[in-house]
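K.L.:
Just passing along the structure, written as structure tokens.
Please treat every number below as a calculation from the coordinates, not as lab data. Keep in mind that what you see is a predicted model, and the values were worked out from it rather than measured. Note that we place each Cβ from the backbone using ideal geometry, even for glycine, and neighbour counts take in every protein chain shown.
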Amino acid sequence: MFFTLLHLFLTETMEKGEEKQGGMNGEEGATPGGGGRGGRELGLKSGMKRRHEEREDEEETSPTKKLVADHSKNVASHYNTLQEVGLAARSQSRIFYMRNFNNWLKSVLIGEILEQARGTGSRPVYVLDLGCGKGGDLLKWRRGGISHLVCADIAEVSVEQCQTRYEDMKRKSHAKEKIFSAQFITADCSKEVLSEKLDDPELMFDICSCQFVYHYSFESEQKADMMLRNACERLKPGGFFIGTTPDAYELVKRLEASDSLCFGNEVFKVSFQSKGSYPLFGCQYHFNLEGVVDVPEFLVYFPLFEHMAKRYNMRLVLKQRFSEFFEEKMKKEQHRSLMMKMMALEPFPCEDGGQLATDSTEEYSHAKERCGRPGVRPPVGTLSRSEWDATSIYLVFVFQKMS
């Protein structure tokens, strides 16, 4: 009953938020997964194409091409210096529930793709975690019963921490449990050929997972293509390339609705250098998420991403905004149960002696209104408005390798 209520509540909340805020989270009056995006998409598409053509003209007429800064080192440095904190500290974070929500979404995505990759049998499953970070998905691969994992990331310190996590997990596992084997690689996967660094040069993967990472590669066509090559060239026929990345349409929509070159709230901020035209590659913005991210990123123009993936014999099988993915997966009891287990939504009102993520009453006005409806038994599950605005800029994608 609790999760039925939170499902109804959260989807209705987002509908109301979009109606009030106009173009911020969607078209006026549109539901989170609704239609009506055609005009917006055409506007962004034409703007990106126009800017791309202008850039080509500039390069042809200019005696020297402009030098473009390489942001890979900045990204690596940021994640290398990001401090690892314990569970107690994370639970005090302003975005604790948002991070749990994102983690739940990844868990559902990875779990379902593992089922498809394994099929009806119990054959070995080999996985590439491209942009593995500190190893936040190691437990997901463990629960999925995979056979071998290759973890790769640009940040050396993160890879070291990922390997330490894996070794700790293996050491603490039960004697009868067979933990997957693993290789850990520090590499800039937007510049280096990953297959040349594999312990087994013949290794082929069933799944490549690229979570909250691919957008860094859209700094240039060369980088975006190399990242795709690393993700897809070693996939078996029928294998999957899955991931999460910001939705360029959503970011541009919010930028165009803003009176300045930035938008955000108390937990995140996105800043652009200009607006009105958007290059296909190198369309930079700065993303700041409280205590987690503070780096330059690049818009991923998805039709171009999909087109590029075809070079590696990949076809798009799923592309959904987080809100759409949430709505669909919450129909299954197993996913609702996992959401409760992972504390992916915040209970409102909180229990006696407890404290909400923020003292701002406006952040929970939607939850308060929901609790006041006839037949609703508090608490209901929610995210604060700021957390939802932050997580709703992302989308899920799944590509599959053609036979």
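K.L.:
Does the range 201-213 include one or more residues that are touching a Ser or Thr at 6+ places or on another chain (Cβ under 9 Å) and on the phi > 0 side of the Ramachandran plot?
P.N.:
yes
K.L.:
From the residues in the range 355-375 that are of a type in the set (Gly, Ala, Ser) and assigned to a loop (DSSP other than H, G, I, E, B), which one is surrounded by the fewest Cβ atoms within 10 Å (Cβ to Cβ)?
P.N.:
Gly375
K.L.:
Are any of the residues in the range 376-396 surrounded by 18 or more Cβ atoms within 10 Å (Cβ to Cβ), touching a helix residue (DSSP H, G or I) at 6+ places or on another chain (Cβ under 8 Å), among the polar types (S, T, N, Q) and part of a strand (DSSP E or B)?
P.N.:
Checked the range 376-396: at least one residue is surrounded by 18 or more Cβ atoms within 10 Å (Cβ to Cβ), touching a helix residue (DSSP H, G or I) at 6+ places or on another chain (Cβ under 8 Å), among the polar types (S, T, N, Q) and part of a strand (DSSP E or B).
K.L.:
Additional query: How many of the residues making up the range 108-127 are polar (S, T, N, Q) and farther than 19 Å from Lys319 by Cβ?
P.N.:
Total meeting the criteria: 2.
K.L.:
Now for a separate question. Among the numbered criteria (1) without any contact (Cβ under 8 Å) to a residue 12 or more places away in the chain; (2) not in a helix (DSSP H, G or I), which one does Leu316 miss?
P.N.:
(1)
K.L.:
Which residues, taken from the range 250-271, are more than 30 Å from Asp359 (Cβ to Cβ) and surrounded by fewer than 20 Cβ atoms within 10 Å (Cβ to Cβ)?
P.N.:
The answer is Glu256, and nothing else.
K.L.:
Then there's this: Can you tell me which residue within the range 319-354, out of those that are assigned to a loop (DSSP other than H, G, I, E, B) and of a type in the set (Gly, Ala, Ser), is nearest to the chain's Cα centre (by Cα)?
P.N.:
The qualifying residue nearest to the chain's Cα centre (by Cα) is Ala344.
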